[in-house]
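Computed from the coordinates by the stated procedures, all read-outs in this text should not be read as laboratory data. The structure presented is a predicted model; accordingly, all values stated were derived computationally and were not measured. We place every Cβ from the backbone using ideal geometry, glycine too, and count neighbours over all the protein chains shown.
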Amino acid sequence: MNASVAIQVLPTVTNEAEVIRIVDEVIAYIKSTGLNYYVGPCETSIEGDYDELMEIVKNCQLVAAKAGCPAINTYVKISFKPEGDVLTIAKKVTKYHQ
């Protein structure tokens, strides 16, 4: 696992329920990838291969658009190590959730 991303998808809609519905669809897509992920209050972290993660980041926009979102703002943080492994989600947060 040479990369992890944190992605925050912010649908440009006025109804809070609609924001939640669209974000839930994006998270369902992320879950369907089979990669390890962690949903936080402001973003979702995913870990895996860099190229696969970049494809998932792209597809998150498409999922939100297909869900009826007319515009999407997305913020992405990338941790990438071409040779070797990045810190896992578990190593980063487990001690705070026990």
Checking the conditions here, which among Leu62, Leu53, Leu35 is out of contact with any strand residue (DSSP E or B) (no Cβ under 7 Å at 6 or more places or on another chain) and among the aliphatic types (A, V, I, L, M)? Leu62
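In region 14-31, what residues are charged (D, E, K, R) and in contact with a strand residue (DSSP E or B) (Cβ under 6 Å, 6 or more places away or on another chain)?
None - no residue of region 14-31 is charged (D, E, K, R) and in contact with a strand residue (DSSP E or B) (Cβ under 6 Å, 6 or more places away or on another chain), so the list stays empty.
In the set Ala17, Ala64, Ala90, Ala28, which member is part of a helix (DSSP H, G or I) and surrounded by 15 or more Cβ atoms within 10 Å (Cβ to Cβ)?
Details: Ala17 fails: surrounded by 15 or more Cβ atoms within 10 Å (Cβ to Cβ); Ala90 fails: surrounded by 15 or more Cβ atoms within 10 Å (Cβ to Cβ); Ala28 fails: surrounded by 15 or more Cβ atoms within 10 Å (Cβ to Cβ).
From the options Ala17, Ala64, Ala90, Ala28, the qualifying one is Ala64.
Just need a number here: residues in region 54-88 that are of a type outside the set (S, T, N, Q) and within 10 Å of Ala6 (Cα to Cα).
Within region 54-88, residues that are of a type outside the set (S, T, N, Q) and within 10 Å of Ala6 (Cα to Cα) number 5.
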Inside region 31-55, can you point out the residues that are part of a helix (DSSP H, G or I) and within 21 Å of Lys66 (Cβ to Cβ)? Lys31, Ser32, Glu52, Leu53, Met54, Glu55
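Kindly check whether there is at least one residue in region 72-86 that is within 16 Å of the chain's Cα centre (by Cα), free of Cβ contacts under 8 Å to residues at least 40 places away in the same chain and buried (at least 17 other Cβ atoms within 10 Å of the Cβ).
The answer is no; no qualifying residue exists.
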Restricting to region 45-73, what's the tally of residues that are in contact with a helix residue (DSSP H, G or I) (Cβ under 6 Å, 6 or more places away or on another chain) and closer than 26 Å to Asn15 by Cβ? 6
